[in-house]
Every structure is written in structure tokens, then in C-alpha cells.
Amino acid sequence: MMIRIFITAVLYLITLLTQAQGNSNQEIQLVTEPSFSIEVKISQLNSDKGTVYFGLYASAEDFANRNYMQSKKVKADKDGVVVSFDKIPKGVYAISCFYDANDNGKMDFDSNGMPMEDYGSTNNIMYPGPPRFSDAKFEVSDKDLTFEIRF
């Protein structure tokens, strides 16, 4: 009886070790969510001076509070600028940007509150007042995207 239990235990351990060695030779594949890139172009600027700032936002609240998910800045070029937001998961987003022509790191306004520097957002809907998430939003679902923003 004791020998039978011993042999069964040894066979069980040999089986476990064989399976463990077989599994160690297999590649482990991680399941990851797909991610995408969003390219944003501005075709023309008034000058080569200054910087263009871009912000990618994931909600209306973040857009209103300027709490960006990713940001980019690029030196101004009269012939235009291009930035890319990478590793973006599926979702709804909006992008806004402004051209800091005097390179002071902020958007300037006159005494009436009107912007003194160019700005825009995805979908290019312009009206008095700041851009709105509802007008600038777009969906990332199954492919990389490209937008051109006009000032």
C-alpha cells in the first residue's frame, strides 16, 4: 500500500515537471489594447518666429480646464508644422492649438478679451469665444488619423 502511494506521488511530480518544462519553452503573449497615432498639420503660419502649442484632451471637462492628456510644441515655420500624438487608445478626443507668435509661453489677449494670437481646434469650427469640446471632438476607433487645423 505504501509503495503504491509513493509511486503515484513520484509519477505525479514527474508529470508536473514535464508540463512545467513544456510551458517554459512557449512564448508568453501579452494581450494589449490597440493604440493609434493622430497627426495634426497646420499648413501655413505668418512667420518663422514663435512656437505652436498643441493639446490633446480626453473629455469636455479636461478641454475646458486645459488639462491635456498629451501636449506638443513645435518651433514655428512659415511653411507649416506637423505634430503626432502616439499610443492613443480608442476613445473620444479633441485637439486645440495656438500660435505663440511672441514666444512668451502663453496665449495673449487684448483688453477686451479678444485673442491676439492665432488658435484653432480639430474640425475647424470657429465662432466668437473659445473652442468647445463638443465641436472639436472626434473618435479614435480603428485607424490612425490626420487632421489639418486652420487658423
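Cross-link pairs exceeding 21 Å in C-alpha to C-alpha distance, out of Lys41/Lys143; Lys75/Lys137; Lys49/Lys87; Lys106/Lys143; Lys72/Lys106; Lys106/Lys137, comprise Lys75/Lys137; Lys49/Lys87; Lys106/Lys143; Lys106/Lys137.
Note on Ala64 and Glu39: the extension gain reaches 6.8 nm, defined as 0.36 nm multiplied by sequence separation minus the Cα-Cα distance.
What ranking, highest mean first, results for peptides 130-142, 52-64 when packing means the other Cβ atoms within 10 Å averaged over each residue?
In descending order of packing, they fall as 52-64, 130-142.
Which percent of the accessible area of the range 42-96 is formed by carbon and sulfur heavy atoms (probe 1.4 angstrom)?
The value for the range 42-96 is 45 percent carbon and sulfur by accessible area.
Considering only the other residues whose Cβ falls under 15 Å of the Cβ of Asp108, what net charge follows from Lys and Arg at +1 and Asp and Glu at -1?
Once positives and negatives cancel, what remains is -3.
In the range 38-92, Rg over Rh equals 1.03, where Rg is the alpha-carbon radius of gyration and Rh the Kirkwood radius from pairwise Cα distances.
Label zone (Lys73, point 7 Å along Cα-to-C-beta; backbone nitrogen cut-off 11 Å) within the range 86-129: 100, 103-107. Count Lys and Arg as plus one, Asp and Glu as minus one, and take only other residues whose Cβ is under 15 Å from that of Lys90; the net charge is then -2. Where a ≥ b ≥ c are the square roots of the eigenvalues of the C-alpha gyration tensor, would you call the range 90-151 rounded, which needs a/c under 1.5, or, failing that, prolate if a/b is larger than b/c, or oblate? Note, shape of the range 90-151 comes out prolate.
The values are calculated or read from the model by the stated rules, or taken from the named source; none is laboratory data. Fair warning: this is a prediction, and the values are worked out from it, not measured in the lab. Note that each Cβ is placed from the backbone with ideal geometry, even for glycine, and that neighbours are counted across all protein chains shown. Please note that ligands, DNA and RNA were not included when accessible areas were found on the heavy atoms of the full protein model with its side chains. Shrake-Rupley method; radii C 1.70, N 1.55, O 1.52, S 1.80 Å.
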